[in-house]
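Please treat every number below as a calculation from the coordinates, not as lab data. Everything quoted here is computed from the prediction, not taken from an experiment. Quick reminder, even Gly has a Cβ in these numbers, built from the backbone with ideal geometry, and neighbours come from all protein chains shown.
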Amino acid sequence: MKLGLVIDLDTCVGCQACATACKEWNGASAISGPLADLDPYGADPSGVWFNRVRHYEVGAYPASKTVNFPMSCLHCEDAACVTVCPTGASYKRADGIVLVDQDKCMGCNLCAWACPYGARELDEVSGCMKKCTLCVDRVYDERLPVDERQPACVLACPTHARHFGDFDDPMSAVSILSAERGGFGLLEQLDYKPVNRYLPPRAVPVVAMDADAQEAERVTPLAALSRLMARARDALSR
Amino acid sequence: MKPAFSVLLFTVLSGAGLGALAIIALLDLAALVGMIAPLAPPRLQARAAAIALLLVVAGLCASTLHLANPKNAWRSWTRWRTSWLSREAVLSLAFMPVAVGLVACWWWDVAPTMRVLFAVATLLLAWMILVCTAMIYASLKPIRQWHTRHVPANFLLYGHASGALLVVVVLRSDGYEAASLVPLVWLVWLLFVAAAIGKLLYWRFLRSDKGAITLEQAIGVPRGVRPPPTPDAPASIMAARLFDMGHAGGTFLTREFVINVAARNRTWIVVLMWSFGFVLPMVWLALGLARWQGAVLAMLACMIGMLAERWLFFADARHTVRLYHGEPTT
Amino acid sequence: MTIPTEDRPLAREDHAHQEVHYSTCYMCACRCGIKVTTQDGALRFIQGTREHPINQGVLCAKGSAGIMKQLSPAKLRKPLRRRAGSERGANEFDEIEWEEALAIVEARLAHIRRTDPKRLAFFTGRDQMQALTGLWAQQFGTPNWAAHGGFCSVNMAAAGLYSIGYSFWEFGAPDWDRAKYFVMWGVAEDHSSNPIKIGLDKLKRRGAKFVSINPIRTGYSAIADDWIPIRPGTDGLLALAIVHVLLTEGSIDFEFLARYTNAPWLVIQAPGTAGDGLFARSDDGTPLVWDEGEGRIVAGITAQSQPSLFAQCTLADGRQARSVLALAAERYLDSQYAPEVVAAACGVPAATIRRLAREMAQVAFRETIELPIAWTDAWGRKHDKVVGRPVAMYAMRGISAHSNGFQTCRALHLIQMLLGALDGPGNFRARAPYPKPIPPQLRPNNVAAKANTPLARPPLGFPMGPEDLALDADGRALRIDKAYTWEAPLASHGLMHMVIANAAAGDPYPIDTLMLFMANMAWNSSMNTTGTRSMLAAKHDDGSYKIPFVIVADAFASETVAFADLVLPDTTYLERFDAISLLDRPISEPDAAADAIRHPIIALDRDVRPWQDVLVELAGRLGFPAFTKDDGTRKFAGYEDFIVRFERAPGIGFLAGWRGTDGKRSLVGAPNPGQWQAYKDNKAFFQFHLPDTIKWHRYANLGYLEFAKKVGFVGAVEPIVMQIYSEPLQKFRLAGQGLYDGPRPTDPADRARLTKYFDPLPFWYSPLEMQVTNGDAYPLHALTQRPMMMYHSWDAQNAWLRQIIADNAIYVNVATAAALGLADGDWAWVTSHTGQLRRRMRTMEGVEPNTVWTWNAIGKQSGAWGLAPDAPEATSGFLLNHLIAEHLPGSTPSGRRLTNSDPITGQAAWFDLRVRITRCVDGEEGIEPMFDTLASLPGAAPTVAALDWPAAPIPLEGTR
Ligand SMILES: Nc1nc2c(c(=O)[nH]1)N[C@H]1C(S)=C(S)[C@@H](COP(=O)(O)OP(=O)(O)OC[C@H]3O[C@@H](n4cnc5c(=O)[nH]c(N)nc54)[C@H](O)[C@@H]3O)O[C@H]1N2
Ligand SMILES: Nc1nc2c(c(=O)[nH]1)N[C@H]1C(S)=C(S)[C@@H](COP(=O)(O)OP(=O)(O)OC[C@H]3O[C@@H](n4cnc5c(=O)[nH]c(N)nc54)[C@H](O)[C@@H]3O)O[C@H]1N2
Ligand code: SF4
Ligand code: SF4
Ligand code: SF4
Ligand code: SF4
Ligand code: SF4
Ligand SMILES: [Mo]
């Protein structure tokens, strides 16, 4: 199995719902919570997030596009974050999910250094490294309604820009979606084989003008008016 | 990368300690097989080795200061199969008794065979640990400034240079006459010159943008994450810039990866590195190893210079995470 | 190589200790359904309700951060009375008991009601219970009530309700499932937060084209297929240029215009006389049209008639008359509306304008949708199918927050009417109980308040002409906000943004008590915030406050609380009952009428009370007829009881679901004591799905109109004819010209404004502030946008959301900044005709070069909202409001200051603001203006180093 997410950059409006829903679910999750929030009402509020949404601009005005870019753990196949871990706290499951065993971590940060994507954040309160769990405690919880056995961020996303599934199964929704839309992994040149796929914006739909829909020749307002009245007459007489 | 002082201290101290032990062990072996005259009376060698060992231990202690959850530190002996940090931990553990053994051999001047055994083991372990430490950094693909052969090479050079100096310094302050140290001093000169060259080569490597990754690549502009190309704005020239970080204050990521050093401050550190790390010790050597106070000062200067070198090593490292925080290229 | 894998046991969710409740989110006005999981009584997880019509399971960032709202340190704890001897604004209070607080209010209000009811001004902000507050005010007998609509989007509401019978604001939604071409005008977030996001995804999956017309490219515009960076305030021009192209190309739906709009109606052409520009009508008032078939003028339209769209004829009385479309075509075909002519002003290339028009036409007329659904129109014609012209539009504050917003919004509706793209498949569709007659048959109260008597009519309504204005015998305003005066005749949401200024000036009259519910008027919802704050604290020479008594009903420690004499603390949305009613702003979707509830999920831990209960309590104490029995005793135990038993008309109450004694009736039916429970059992919402045959073209769908009459949505089974040409506007214009036989303004300034702006056909004029400010001195437009993860002022208290955004910069186009010698991150002065502020400047590509902008309502007063005094919200966040004046620069010859609002509706013109930006000299740093740090409230929570959530250690339950 190769569980992961598809993130659709064509519909992501950068609303931060995924990031917040993630914080909410995992903050009280038995395997990842609590997530530290320091100075919560003070001058420099700062906390542990598994998912951060950044915003970029590509191109120059007026041909510029604003790109909203959510990032969480990509559950890499060659997850160096796991191999560098000296304590064995970081591990990869058979289903591909990369987790940190909170009871084993010594908080050395090496895994965070090894992650090209900034997907790991140290919890200064517990002293342990934390990261996206792919909501492993939702997706396998058979006591949740079937349609809710999804990551919190996927459930929340108002534009359905996030999809969860198994990339090992070529017939899975995520595999097909990624194939159809040219999904790509981040920083592939580093060869971590990230599992999560990002979908580039779709091509702009073209409104094809019918051949006979010629642009009417521009005439004086008066001529245009009589032309319009003529049209009206045969439109209504029909 | 954030230069965590505990880590700088660790790599510099244990580097010098390991280098020193390697050097004495090596010279002792050479002497045993009669290639060279003995470096110094065994008891003096033992004292020097003991002090070097203390530096190693001090370094290891410093390293634990940077752990957020030290109570699990012992677990770092478990993953030596894949983790350079774990290997370093395991080997360091093994190294202690061996090094102590060697010191004992010299102190009680035991039979050569034993001495050879311990010397060889110490030598090999010291070298391996130095390499492991270096590989912790050199193995990190996201940091192209670290992911290079320069790193292990340099770590070995600095370790041995500062280590060799340490040996001279200790023996000298121990009252050992300068004359008999001349061959070793030549070695120190050699090592420091090599180290300096190593640093310069490393900097030349940094200046080349070989393997550099751009923000555009990081967010997939070449993969179609861009406005539809227009004649006046073809895909090829589409630059990307950060509009909003998505969080108001600092985060673990900004604190750990996104430190920006003002060019002015950097220059000062560079000056510090050359002057303290290289020039001052050499001056002391050139002055004919004057006095034990001079010796101690030379060693201190060297350590400070090495800390500066290590600080630069971190400050110059640009992790790919910085791309996502708006840096145009690594 | 791929790395070795291993599985380890994992702790699992502790369902044993958990409970699930359904309710309605209140982190914003979108009102999504929420599924709330509690663990041992504490909040564990809030997610979207899958079945809910509004959010269909998704939840936005605010909704997902609801737990942090509940944990906010800014929650008020107990009624507060301003400490004797301390000044308003100092935030120095003593806690008092509820009984004492209520006694104070009762005594004060009883006296006002007995003597002069209008001296109570009751205004509400972000609430979702205007049906109740409006009823309460009417029962009290004061005309001085309104919600936030006046500073929000009354331009959209009024333009829609005076043109098409429903509106962009709250009463309509695009057909996301069928639209093939979607044009969004000036929207960053909207009230329909989640529905729009869900919808945009649907559009894109179907390959529909999404055009966003917006000077700024963020959020929705970021994912638009076509981004049109327009120059602010010029959308009316762009829209009418599109109309010009459609008319030149003859790409309009003649049949639709003839049947469903007033295009064929005859307009009297008698310049200089009283009847000029009014509709020619038969004696019974039926509009006259020229019938091609019969070749004569006939009254009204039948299934058989062939009304002429381009009629010019002589009426029986000899006067000339022309049909509406003839007048319209003549106007818009004129070259002043040619794309080439308007391009420069709009900053949109002529070719782009033509393309947009032609793409709309192509999709509307050549890519039509047909649904095999038989229906009958209001004239009895049978149709075997429903035809859709799948062009949909949506617009909000980018249009409404300008002083030409009403006419601009009318221009957008004109495009929709010309394309015949309304309430059909793929169109912008109505949400029940809309559409309603145009305008809705409800006149505003316009008689002086009488002691101890309810108003005959609700305070707010829709004037048909000058006679409906709320003026006294000698032409002075009846309302404190001067709504329904010559200055803002169609102010159907009131002018909340003028209340404090007028009350402090005693103009038109002094009031006694200002009661604010859920509006942060001392901060982000006021123009000229600094001035407004001093007005709230302004005193007469004798040292008494100009506004004698201020009551604030709030749930949190806002900036406005500091200016209260009495604070009545409210509950949070998880602690109280609420009815999201069809009588209010509905949560209906086009295919179904819907309403919803909230109910207490978290037990109260403070001495606070639901404001609804307080209102019902006061209504009882003050003896409002609707709330008391004949013997004077209370009718209702409290809000919970009121919602179930109150009937506005027989069978019609606040909640439409599970009515009837057996709980089996929908929409209409006797009160049902088990109604709350029924809602709880049904995931907290009710939905009535319209059958296919009455879903479409409802303004003229006989089946629908009959249904609507039956359930009380409309008063009569009559077609709702869309108004291209607006007669009420023409009446006001006649009044301005001195030709109206009825009330007429005396002040020349009013006459001029009415004559110019009350054009019965949509037209464009430069926003008022721009007309009077010097364009060279203030060359840039300054705007705000809603951040998707923040709701106005009230989310800074949210420990998660403020980690995402805690301060705001002023954004400038890269090239513009360069031209001004500004570099990214520079400190800059932003100066308007009223004031200046200082803030860091950031550059970006995605903004129209003449526009600068910032996020709305991020800046906070130091010490407010339970934040540390040095919180970034106070030290580097700022409000643009400091630069926006509530009055236009200068005054009329008669010495009047005119409100900075739309001259037709009185909508606050937030986005008319013009500024200049200059680089700060080195050393000039830190934000300006700054305000004193508020004293902390009694019992305020101490600042904590780390958040304590979940409070209890997470129980592990087994492992897997
Ligand atoms: N997250 C969140 N959601 C909210 C709110 C909130 O505070 N936060 N507030 C709620 C309330 S009260 C309201 S009224 C709605 C308002 O919802 P919106 O109508 O989305 O209000 P704004 O955020 O002001 O967005 C106005 C948009 O119009 C653009 N604009 C400004 N001037 C012009 C113009 O002249 N022409 C065009 N074409 N565009 C222009 C601006 O760039 C901006 O994108 O949002 C509601 N929803
Ligand atoms: N510059 C600029 N200014 C603007 C706008 C803009 O676009 N630009 N937008 C304008 C618009 S459209 C609007 S609608 C206004 C909105 O401005 P406001 O109507 O002032 O809305 P909020 O800032 O949300 O403040 C509402 C108050 O309600 C309180 N509150 C929150 N929840 C509850 C509750 O459950 N019970 C009670 N009793 N109180 C509660 C909050 O504490 C807060 O004090 O802002 C306007 N101001
Ligand atoms: S919730 Fe969806 S739309 Fe919002 S930021 Fe996350 S991915 Fe983008
Ligand atoms: S994204 Fe980072 S943390 Fe996640 S698996 Fe890959 S390397 Fe590890
Ligand atoms: S921080 Fe924890 S998880 Fe990461 S490498 Fe160190 S021990 Fe392993
Ligand atoms: S999958 Fe779960 S843990 Fe990962 S980002 Fe989404 S919500 Fe967070
Ligand atoms: S849009 Fe978000 S905040 Fe508003 S009601 Fe829905 S979920 Fe709540
Ligand atoms: Mo609003």
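What the table below lists for this structure:
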| read-out | value |
| --- | --- |
| Check on A:Cys111, touching a residue at least 24 places away in the same chain (Cβ under 8 Å), within 21 Å of B:Phe257 (Cα to Cα) and either aromatic (Phe, Trp, Tyr) or within 10 Å of ligand 5 (Cβ to nearest atom) (or both) | yes |
| Selection status of A:Ala112, among the small types (Gly, Ala, Ser) and more than 7 Å from every other protein chain (Cβ to nearest Cβ) | no |
| Helices (runs of 4 or more DSSP H) fully within the stretch B:191-274 counting 3 or more residues that are within 14 Å of chain A (Cβ to nearest Cβ) | B:215-219, B:252-257 |
| Tally of residues being outside any strand (DSSP E or B), more than 14 Å from chain A (Cβ to nearest Cβ) and β-branched (Val, Ile, Thr) across the stretch C:349-387 | 1 |
| Conditions (1) surrounded by 24 or more Cβ atoms within 10 Å (Cβ to Cβ); (2) more than 9 Å from every other protein chain (Cβ to nearest Cβ); (3) of a type in the set (Val, Ile, Thr); number of the one not met by C:Val847 | (2) |
| Residue within the stretch C:749-771 that is surrounded by 18 or more Cβ atoms within 10 Å (Cβ to Cβ) and either assigned to a strand (DSSP E or B) or within 14 Å of another protein chain (Cβ to nearest Cβ) (or both) present | no |
| Qualifying residue in the stretch A:206-218 (condition: within 14 Å of chain B (Cβ to nearest Cβ), within 25 Å of C:Tyr220 (Cβ to Cβ), over 19 Å from the mean Cα position of the chain (by Cα) and assigned to a loop (DSSP other than H, G, I, E, B)) | yes |
| Selection count where residues are within 16 Å of ligand 6 (Cβ to nearest atom), more than 7 Å from every other protein chain (Cβ to nearest Cβ) and of a type in the set (Gly, Ala, Ser), scope the stretch A:50-93 | 2 |
| Where a residue in the stretch C:927-942 is among the hydroxyl-bearing types (Ser, Thr, Tyr) and its partner, wherever it lies, is surrounded by 14 or more Cβ atoms within 10 Å (Cβ to Cβ), with Cβ under 7 Å and at least six apart | C:Thr933/C:Ser862; C:Thr933/C:Gly863; C:Thr933/C:Pro869; C:Ser936/C:Gly863 |
| Among (1) without any contact (Cβ under 8 Å) to a residue 40 or more places away in the chain; (2) within 14 Å of chain B (Cβ to nearest Cβ), the one test that A:Asp147 misses | (2) |
| Hits in the stretch C:741-797 (condition: within 16 Å of ligand 8 (Cβ to nearest atom) and of a type in the set (Phe, Trp, Tyr)) | C:Tyr791, C:Trp794 |
| Answer residue from the stretch C:24-42, given it is more than 16 Å from ligand 8 (Cβ to nearest atom), away from chain A (no Cβ under 11 Å) and in contact with a His (Cβ under 6 Å, 6 or more places away or on another chain) and is nearest to C:Asn682 (Cα to Cα) among those | C:Gly33 |
| Pairs with Cβ under 6 Å, 6+ apart, first in the stretch C:736-762 and closer than 27 Å to C:Ala411 by Cα, second of a type in the set (Phe, Trp, Tyr) and assigned to a helix (DSSP H, G or I) | C:Leu754/C:Phe732; C:Phe758/C:Phe732 |
| Conditions (1) touching a residue at least 12 places away in the same chain (Cβ under 8 Å); (2) facing chain A (nearest Cβ under 9 Å): number failed by C:Gly250 | (1) |
| Flag if C:Asn144 is under 25 Å from C:Trp910 (Cβ atoms) and away from ligand 8 (no atom under 14 Å from the Cβ) | yes |
| Enumeration of residues in the stretch C:804-859 that are part of a loop (DSSP other than H, G, I, E, B), touching a helix residue (DSSP H, G or I) at 6+ places or on another chain (Cβ under 8 Å) and polar (S, T, N, Q) | C:Ser832, C:Thr834, C:Asn850, C:Asn856 |
| Among the candidates A:Met171, A:Met129, residue that is within 14 Å of chain B (Cβ to nearest Cβ), farther than 30 Å from C:Val36 by Cβ and among the hydrophobic types (A, V, I, L, M, F, W, C) | A:Met129 |
| Count - residues of the stretch C:169-210 that are touching a Cys at 6+ places or on another chain (Cβ under 7 Å) and within 16 Å of ligand 8 (Cβ to nearest atom) | 3 |
| Only one of B:Phe192, B:Phe205, B:Phe243 that is among the aromatic types (Phe, Trp, Tyr) and closer than 20 Å to C:Arg217 by Cα | B:Phe243 |
| Matching residues, the stretch C:45-102, being assigned to a loop (DSSP other than H, G, I, E, B), more than 16 Å from ligand 6 (Cβ to nearest atom), within 12 Å of chain A (Cβ to nearest Cβ) and in contact (Cβ under 8 Å) with a residue 40 or more places away in the chain | C:Thr49, C:Glu51, C:Ile54, C:Asn55, C:Gln56, C:Leu71, C:Ser72, C:Pro73, C:Ala74 |
| In the stretch C:716-773, the residues that are of a type in the set (Asp, Glu) and in contact with an Asp or Glu (Cβ under 6 Å, 6 or more places away or on another chain) | C:Glu769 |
| Boolean, A:Leu222 is within 14 Å of chain B (Cβ to nearest Cβ), more than 21 Å from A:Thr11 (Cα to Cα) and hydrophobic (A, V, I, L, M, F, W, C) | no |
| Any hit, the stretch A:42-49, residues being more than 7 Å from every other protein chain (Cβ to nearest Cβ), among the aromatic types (Phe, Trp, Tyr), within 16 Å of ligand 5 (Cβ to nearest atom) and part of a loop (DSSP other than H, G, I, E, B) | no |
| Top-ranked residue in the stretch A:1-41 [being within 16 Å of ligand 5 (Cβ to nearest atom) and surrounded by fewer than 24 Cβ atoms within 10 Å (Cβ to Cβ); ranked as nearest to C:Val944 (Cα to Cα)] | A:Ala36 |
| Residues located in the stretch C:579-610, provided they are farther than 18 Å from C:Cys25 by Cβ and in contact (Cβ under 8 Å) with a residue 24 or more places away in the chain | C:Leu582, C:Leu583, C:Pro590, C:Asp591, C:Ala592, C:Ala593, C:Ala603, C:Leu604, C:Arg606, C:Asp607, C:Val608, C:Arg609 |
| Selected residue [touching a residue at least 60 places away in the same chain (Cβ under 8 Å), farther than 30 Å from C:Ala504 by Cα and either away from ligand 8 (no atom under 16 Å from the Cβ) or part of a helix (DSSP H, G or I) (or both)] from C:Pro4, C:Pro9 | C:Pro9 |
| Tally of residues being more than 16 Å from ligand 2 (Cβ to nearest atom), under 30 Å from A:Cys22 (Cα atoms) and among the charged types (D, E, K, R) across the stretch C:789-845 | 1 |
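Residues checked against (1) aromatic (Phe, Trp, Tyr); (2) part of a strand (DSSP E or B); (3) within 16 Å of ligand 2 (Cβ to nearest atom):
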{"site": "A:Tyr56", "(1), (2), (3)": "yes, yes, no"}
{"site": "A:Pro62", "(1), (2), (3)": "no, no, no"}
{"site": "A:Phe69", "(1), (2), (3)": "yes, yes, no"}
{"site": "A:His75", "(1), (2), (3)": "no, no, no"}
{"site": "A:Tyr91", "(1), (2), (3)": "yes, yes, no"}
{"site": "A:Cys105", "(1), (2), (3)": "no, no, no"}
{"site": "A:Trp113", "(1), (2), (3)": "yes, no, no"}
{"site": "A:Gly118", "(1), (2), (3)": "no, no, no"}
{"site": "A:Lys130", "(1), (2), (3)": "no, yes, no"}
